[in-house]
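Structure record follows, encoded as C-alpha coordinates.
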Amino acid sequence: MDQEQTSPVVKEDLLVFDVDGVLIDTRFSYPTVIRTAIQWGWGLMLGNETDCTAFSMDHFRASKRHPGFNDDYDIAWALICVAFSSAARSGDLRLSRAMPSAKAWEAILADFPPSGIVDHIRSRYGDPVGRDVFRSLCEEIYLGENYEGEKRKTKIRRGLWHEEKPLLAHHWSELALPAAIYTGRFLPELALALERLGWQDFPKDRVITPESGICKPSGEGFARLCEKTGTSTPIYFGDTESDRESLRRFGRGTFVAIGGLLLGEEYGYGRVSDALEDLGLLRVNGACGKTVFSR
(Lines give C-alpha, C1' and ligand atoms only; values in the text may rest on other atoms or scores of the structure.)
Protein backbone atom coordinates (compact mmCIF):
# COMPACT_ATOMS: atom_id res chain seq x y z
CA MET A 1 0.00 0.00 0.00
CA ASP A 2 1.42 3.38 -1.02
CA GLN A 3 2.25 5.83 1.73
CA GLU A 4 0.10 8.94 1.93
CA GLN A 5 1.63 11.77 -0.07
CA THR A 6 1.91 15.20 1.55
CA SER A 7 2.76 18.54 -0.02
CA PRO A 8 6.07 19.91 1.23
CA VAL A 9 6.29 23.29 2.89
CA VAL A 10 8.11 25.71 0.60
CA LYS A 11 10.51 28.05 2.37
CA GLU A 12 11.42 31.25 0.54
CA ASP A 13 15.15 31.77 0.85
CA LEU A 14 15.95 34.94 -1.14
CA LEU A 15 14.74 38.54 -0.96
CA VAL A 16 14.63 40.25 -4.36
CA PHE A 17 13.87 43.95 -4.67
CA ASP A 18 12.73 46.14 -7.49
CA VAL A 19 14.18 49.64 -7.07
CA ASP A 20 11.81 52.36 -8.29
CA GLY A 21 8.82 52.78 -6.01
CA VAL A 22 10.15 50.06 -3.69
CA LEU A 23 13.60 51.03 -2.43
CA ILE A 24 13.59 54.55 -3.90
CA ASP A 25 10.83 57.17 -4.02
CA THR A 26 10.79 58.21 -7.69
CA ARG A 27 7.54 60.19 -7.76
CA PHE A 28 9.40 63.41 -8.57
CA SER A 29 12.03 61.99 -10.92
CA TYR A 30 10.99 59.54 -13.62
CA PRO A 31 7.44 60.85 -14.24
CA THR A 32 8.97 64.30 -14.71
CA VAL A 33 11.59 62.83 -17.05
CA ILE A 34 8.79 61.36 -19.17
CA ARG A 35 6.82 64.59 -19.29
CA THR A 36 9.87 66.71 -20.10
CA ALA A 37 11.16 64.34 -22.78
CA ILE A 38 7.79 64.25 -24.53
CA GLN A 39 7.60 68.05 -24.58
CA TRP A 40 11.17 68.50 -25.80
CA GLY A 41 10.92 65.65 -28.27
CA TRP A 42 7.71 66.99 -29.73
CA GLY A 43 9.01 70.51 -30.10
CA LEU A 44 12.75 70.23 -30.66
CA MET A 45 13.09 66.85 -32.36
CA LEU A 46 9.88 66.82 -34.40
CA GLY A 47 9.45 70.59 -34.84
CA ASN A 48 5.81 70.60 -33.74
CA GLU A 49 3.84 72.86 -31.43
CA THR A 50 4.21 71.97 -27.75
CA ASP A 51 1.17 73.70 -26.32
CA CYS A 52 0.42 71.61 -23.23
CA THR A 53 1.90 69.48 -20.47
CA ALA A 54 0.38 66.39 -22.14
CA PHE A 55 1.65 63.66 -19.82
CA SER A 56 -0.08 63.00 -16.50
CA MET A 57 0.26 60.61 -13.59
CA ASP A 58 -2.84 58.85 -14.91
CA HIS A 59 -0.86 58.03 -18.06
CA PHE A 60 1.94 56.79 -15.84
CA ARG A 61 -0.27 54.57 -13.67
CA ALA A 62 -1.99 53.06 -16.71
CA SER A 63 1.41 52.23 -18.22
CA LYS A 64 2.66 50.62 -15.02
CA ARG A 65 -0.37 48.33 -14.91
CA HIS A 66 0.71 46.84 -18.24
CA PRO A 67 3.21 43.96 -17.93
CA GLY A 68 5.29 45.12 -20.89
CA PHE A 69 6.15 48.56 -19.54
CA ASN A 70 8.93 48.25 -17.01
CA ASP A 71 11.15 50.85 -18.70
CA ASP A 72 10.00 54.41 -18.02
CA TYR A 73 11.89 55.80 -20.99
CA ASP A 74 9.90 53.52 -23.26
CA ILE A 75 6.68 54.92 -21.80
CA ALA A 76 7.78 58.34 -23.07
CA TRP A 77 8.87 56.91 -26.42
CA ALA A 78 5.65 54.95 -26.88
CA LEU A 79 3.46 57.95 -26.11
CA ILE A 80 5.30 60.26 -28.49
CA CYS A 81 5.09 57.62 -31.25
CA VAL A 82 1.35 57.20 -30.73
CA ALA A 83 0.84 60.98 -30.62
CA PHE A 84 2.82 61.55 -33.82
CA SER A 85 0.88 58.83 -35.62
CA SER A 86 -2.35 60.56 -34.60
CA ALA A 87 -1.03 63.96 -35.72
CA ALA A 88 0.06 62.55 -39.09
CA ARG A 89 -3.44 61.21 -39.71
CA SER A 90 -5.27 64.36 -38.62
CA GLY A 91 -2.81 66.97 -39.86
CA ASP A 92 -3.06 68.75 -36.49
CA LEU A 93 0.46 68.92 -35.06
CA ARG A 94 -0.43 70.47 -31.71
CA LEU A 95 0.55 68.20 -28.84
CA SER A 96 -2.72 68.95 -27.06
CA ARG A 97 -4.62 67.42 -29.98
CA ALA A 98 -2.27 64.55 -30.71
CA MET A 99 -1.60 63.13 -27.23
CA PRO A 100 -4.14 60.49 -26.20
CA SER A 101 -6.01 61.17 -22.99
CA ALA A 102 -5.19 58.88 -20.07
CA LYS A 103 -8.44 56.99 -20.69
CA ALA A 104 -7.66 56.64 -24.41
CA TRP A 105 -4.10 55.54 -23.57
CA GLU A 106 -5.48 52.82 -21.29
CA ALA A 107 -7.64 51.55 -24.16
CA ILE A 108 -4.63 51.58 -26.52
CA LEU A 109 -2.58 49.62 -23.99
CA ALA A 110 -5.24 46.91 -23.91
CA ASP A 111 -4.16 45.95 -27.44
CA PHE A 112 -0.45 45.86 -26.60
CA PRO A 113 1.18 42.44 -26.12
CA PRO A 114 2.48 41.51 -22.63
CA SER A 115 6.06 41.68 -23.97
CA GLY A 116 7.75 42.75 -27.19
CA ILE A 117 6.51 46.31 -26.79
CA VAL A 118 9.25 47.90 -28.90
CA ASP A 119 8.56 45.80 -32.00
CA HIS A 120 4.83 46.29 -31.58
CA ILE A 121 5.11 50.08 -31.44
CA ARG A 122 7.47 50.28 -34.41
CA SER A 123 5.23 48.09 -36.56
CA ARG A 124 2.04 49.96 -35.68
CA TYR A 125 3.15 53.55 -35.05
CA GLY A 126 6.64 53.88 -36.51
CA ASP A 127 9.61 55.51 -34.79
CA PRO A 128 9.50 59.22 -35.66
CA VAL A 129 12.05 60.39 -33.07
CA GLY A 130 14.46 57.45 -33.20
CA ARG A 131 14.22 55.33 -30.06
CA ASP A 132 17.93 55.32 -29.23
CA VAL A 133 18.27 59.08 -29.62
CA PHE A 134 15.10 59.71 -27.63
CA ARG A 135 16.21 57.40 -24.84
CA SER A 136 19.52 59.26 -24.62
CA LEU A 137 17.50 62.46 -24.14
CA CYS A 138 15.66 60.81 -21.23
CA GLU A 139 18.97 59.69 -19.74
CA GLU A 140 20.36 63.19 -19.99
CA ILE A 141 17.33 64.66 -18.23
CA TYR A 142 17.57 62.09 -15.44
CA LEU A 143 21.34 61.86 -14.98
CA GLY A 144 22.15 65.54 -15.55
CA GLU A 145 25.73 66.13 -14.46
CA ASN A 146 26.35 62.37 -14.49
CA TYR A 147 25.34 61.93 -18.13
CA GLU A 148 28.21 60.49 -20.17
CA GLY A 149 26.64 60.30 -23.61
CA GLU A 150 28.53 61.38 -26.70
CA LYS A 151 26.60 64.61 -27.24
CA ARG A 152 24.35 66.65 -24.98
CA LYS A 153 20.99 67.81 -26.33
CA THR A 154 20.16 70.10 -23.42
CA LYS A 155 21.80 72.51 -21.01
CA ILE A 156 20.67 70.49 -17.99
CA ARG A 157 23.38 70.08 -15.40
CA ARG A 158 21.34 68.99 -12.36
CA GLY A 159 19.67 65.68 -13.07
CA LEU A 160 16.25 64.75 -11.75
CA TRP A 161 17.78 61.92 -9.76
CA HIS A 162 18.39 64.57 -7.10
CA GLU A 163 14.62 64.55 -6.44
CA GLU A 164 14.67 60.96 -5.22
CA LYS A 165 14.61 59.74 -1.62
CA PRO A 166 15.29 56.34 -0.05
CA LEU A 167 12.31 54.30 1.14
CA LEU A 168 14.29 51.95 3.37
CA ALA A 169 16.51 52.96 6.27
CA HIS A 170 18.02 49.50 6.81
CA HIS A 171 21.28 48.31 5.28
CA TRP A 172 21.02 45.19 3.14
CA SER A 173 23.12 43.29 5.68
CA GLU A 174 20.34 43.77 8.25
CA LEU A 175 17.93 41.63 6.25
CA ALA A 176 17.09 38.14 7.50
CA LEU A 177 17.68 36.46 4.15
CA PRO A 178 20.16 36.96 1.30
CA ALA A 179 19.20 40.00 -0.78
CA ALA A 180 19.25 40.64 -4.52
CA ILE A 181 18.01 43.29 -6.96
CA TYR A 182 16.10 42.85 -10.22
CA THR A 183 15.56 46.25 -11.82
CA GLY A 184 14.96 47.98 -15.13
CA ARG A 185 17.54 50.61 -14.20
CA PHE A 186 20.79 50.60 -16.10
CA LEU A 187 23.95 50.45 -14.02
CA PRO A 188 24.69 54.24 -13.87
CA GLU A 189 21.15 54.86 -12.60
CA LEU A 190 21.32 51.96 -10.18
CA ALA A 191 24.58 53.31 -8.76
CA LEU A 192 22.81 56.56 -7.86
CA ALA A 193 20.00 54.63 -6.17
CA LEU A 194 22.43 52.53 -4.15
CA GLU A 195 24.21 55.70 -3.07
CA ARG A 196 20.91 57.12 -1.84
CA LEU A 197 20.29 53.94 0.15
CA GLY A 198 23.81 53.70 1.54
CA TRP A 199 24.11 50.36 -0.26
CA GLN A 200 27.24 51.18 -2.28
CA ASP A 201 28.73 47.88 -1.07
CA PHE A 202 25.85 45.78 -2.40
CA PRO A 203 27.26 42.64 -4.12
CA LYS A 204 27.43 43.22 -7.86
CA ASP A 205 26.76 39.57 -8.65
CA ARG A 206 23.36 39.82 -6.97
CA VAL A 207 22.06 42.43 -9.40
CA ILE A 208 20.10 42.02 -12.63
CA THR A 209 19.96 45.12 -14.86
CA PRO A 210 19.30 45.44 -18.61
CA GLU A 211 23.06 45.19 -19.22
CA SER A 212 22.75 41.51 -18.30
CA GLY A 213 20.56 40.96 -21.36
CA ILE A 214 17.56 40.21 -19.12
CA CYS A 215 14.62 42.58 -18.88
CA LYS A 216 11.28 42.30 -17.12
CA PRO A 217 8.81 40.68 -17.52
CA SER A 218 11.26 37.82 -18.05
CA GLY A 219 11.49 35.25 -15.26
CA GLU A 220 15.11 34.57 -16.20
CA GLY A 221 16.31 37.23 -13.79
CA PHE A 222 15.17 35.15 -10.83
CA ALA A 223 16.79 32.01 -12.24
CA ARG A 224 20.10 33.88 -12.54
CA LEU A 225 19.87 35.32 -9.02
CA CYS A 226 18.95 31.98 -7.45
CA GLU A 227 21.91 30.37 -9.19
CA LYS A 228 24.29 33.08 -7.96
CA THR A 229 23.08 32.88 -4.36
CA GLY A 230 22.49 29.14 -4.07
CA THR A 231 18.80 29.68 -3.37
CA SER A 232 15.63 28.49 -5.04
CA THR A 233 12.51 30.41 -4.02
CA PRO A 234 12.44 34.22 -3.96
CA ILE A 235 10.23 36.75 -2.29
CA TYR A 236 9.95 39.63 -4.75
CA PHE A 237 9.09 43.15 -3.61
CA GLY A 238 7.67 45.03 -6.60
CA ASP A 239 5.17 47.72 -7.44
CA THR A 240 4.18 47.24 -11.09
CA GLU A 241 2.55 44.64 -13.29
CA SER A 242 5.86 43.88 -15.02
CA ASP A 243 7.29 42.94 -11.61
CA ARG A 244 4.39 40.64 -10.82
CA GLU A 245 4.45 39.07 -14.28
CA SER A 246 8.19 38.40 -14.02
CA LEU A 247 7.76 36.27 -10.91
CA ARG A 248 4.72 34.54 -12.41
CA ARG A 249 6.84 33.50 -15.39
CA PHE A 250 9.57 32.22 -13.09
CA GLY A 251 6.96 29.91 -11.64
CA ARG A 252 7.61 29.96 -7.90
CA GLY A 253 8.07 32.32 -5.00
CA THR A 254 5.99 34.98 -3.30
CA PHE A 255 5.14 38.41 -4.66
CA VAL A 256 4.80 41.29 -2.22
CA ALA A 257 3.08 44.34 -3.73
CA ILE A 258 4.45 47.70 -2.57
CA GLY A 259 2.47 50.92 -2.99
CA GLY A 260 -1.14 51.10 -4.07
CA LEU A 261 -0.89 50.39 -7.79
CA LEU A 262 -1.48 46.63 -7.78
CA LEU A 263 -4.59 45.12 -6.24
CA GLY A 264 -5.62 41.60 -5.36
CA GLU A 265 -2.36 40.46 -3.77
CA GLU A 266 -2.31 38.49 -0.51
CA TYR A 267 0.70 40.50 0.59
CA GLY A 268 0.34 44.23 -0.04
CA TYR A 269 1.99 47.12 1.81
CA GLY A 270 2.31 50.84 1.41
CA ARG A 271 6.06 50.79 2.09
CA VAL A 272 8.73 48.12 1.81
CA SER A 273 9.88 48.85 5.38
CA ASP A 274 6.41 47.93 6.65
CA ALA A 275 6.48 44.71 4.62
CA LEU A 276 9.88 43.62 5.93
CA GLU A 277 8.92 44.33 9.53
CA ASP A 278 5.51 42.69 9.34
CA LEU A 279 6.82 39.58 7.61
CA GLY A 280 9.68 39.17 10.07
CA LEU A 281 12.41 39.70 7.51
CA LEU A 282 14.64 42.05 9.51
CA ARG A 283 17.37 40.97 11.90
CA VAL A 284 16.48 41.95 15.46
CA ASN A 285 19.34 42.04 17.98
CA GLY A 286 21.33 39.70 15.79
CA ALA A 287 18.52 37.16 15.41
CA CYS A 288 16.46 36.43 12.33
CA GLY A 289 12.70 36.61 12.61
CA LYS A 290 12.20 34.60 9.43
CA THR A 291 8.73 34.13 8.00
CA VAL A 292 7.92 30.87 6.22
CA PHE A 293 5.29 30.98 3.49
CA SER A 294 3.37 27.73 3.04
CA ARG A 295 2.00 26.53 -0.25
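The values are calculated or read from the model by the stated rules, or taken from the named source; none is laboratory data. Keep in mind that what you see is a predicted model, and the values were worked out from it rather than measured. Methodologically, a virtual Cβ is constructed for each residue, glycine included, from the backbone with ideal geometry; neighbour enumeration extends over all protein chains shown.
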Looking only at helices (runs of 4 or more DSSP H) that fall completely inside the stretch 80-164, which ones have 3 or more residues that are modelled with pLDDT of 95 or more and within 30 Å of A193 (Cβ to Cβ)? 102-109, 117-125, 131-143
From L167, L175, L225, grab the single residue that is buried (at least 19 other Cβ atoms within 10 Å of the Cβ), farther than 30 Å from P113 by Cβ and either of a type in the set (A, V, I, L, M, F, W, C) or in the same structural domain as C138 (by TED's automatic domain parsing) (or both). L167
Tell me, which residue of the stretch 228-250 that is polar (S, T, N, Q) and closer than 17 Å to E189 by Cβ is surrounded by the fewest Cβ atoms within 10 Å (Cβ to Cβ)? S242
Any residue that is within 11 Å of the chain's Cα centre (by Cα) and either part of a loop (DSSP other than H, G, I, E, B) or at pLDDT 95 or above (or both) - is there at least one of those in the stretch 25-38? yes
Residues to consider are L175, L187, L197; find the one that is of a type outside the set (D, E, K, R) and more than 17 Å from R271 (Cβ to Cβ). L187
Can you tell me which residue within the stretch 131-155, out of those that are free of Cβ contacts under 8 Å to residues at least 24 places away in the same chain and either closer than 13 Å to S29 by Cβ or small (G, A, S) (or both), is surrounded by the most Cβ atoms within 10 Å (Cβ to Cβ)? S136
Could you list, in sequence order, all residues of the stretch 122-140 that are aliphatic (A, V, I, L, M) and either under 19 Å from the mean Cα position of the chain (by Cα) or at positive phi (or both)? L137
Can you say whether A169 is among the small types (G, A, S), touching a residue at least 40 places away in the same chain (Cβ under 8 Å) and not in a strand (DSSP E or B), as far as the supplied structure shows? yes
For a quick check of your reading of the model, give me the residue pairs whose first member lies in the stretch 79-103 and is over 16 Å from F134 (Cα atoms), whose second is hydroxyl-bearing (S, T, Y) and part of a helix (DSSP H, G or I), with beta-carbon atoms closer than 6 Å and at least 6 apart or on different chains. S85/Y125; A98/S86
Evaluation of G68 against (1) within 30 Å of R158 (Cβ to Cβ); (2) buried (at least 22 other Cβ atoms within 10 Å of the Cβ) (one fails), failing number: (1)
Check on D72, among the acidic types (D, E) and modelled with pLDDT of 95 or more: yes
Subset of the stretch 86-121, residues under 20 Å from the mean Cα position of the chain (by Cα) and loosely packed, with under 15 Cβ neighbours inside 10 Å, comes to A110, P113, P114, G116, D119
Can you report the number of residues in the stretch 47-66 which are at pLDDT 95 or above and of a type in the set (A, V, I, L, M)? 2
Does R61 count as in a helix (DSSP H, G or I) and closer than 18 Å to T240 by Cβ? yes
Does any residue of the stretch 265-279 turn out to be modelled with pLDDT of 95 or more, closer than 27 Å to E106 by Cα and basic (K, R)? yes
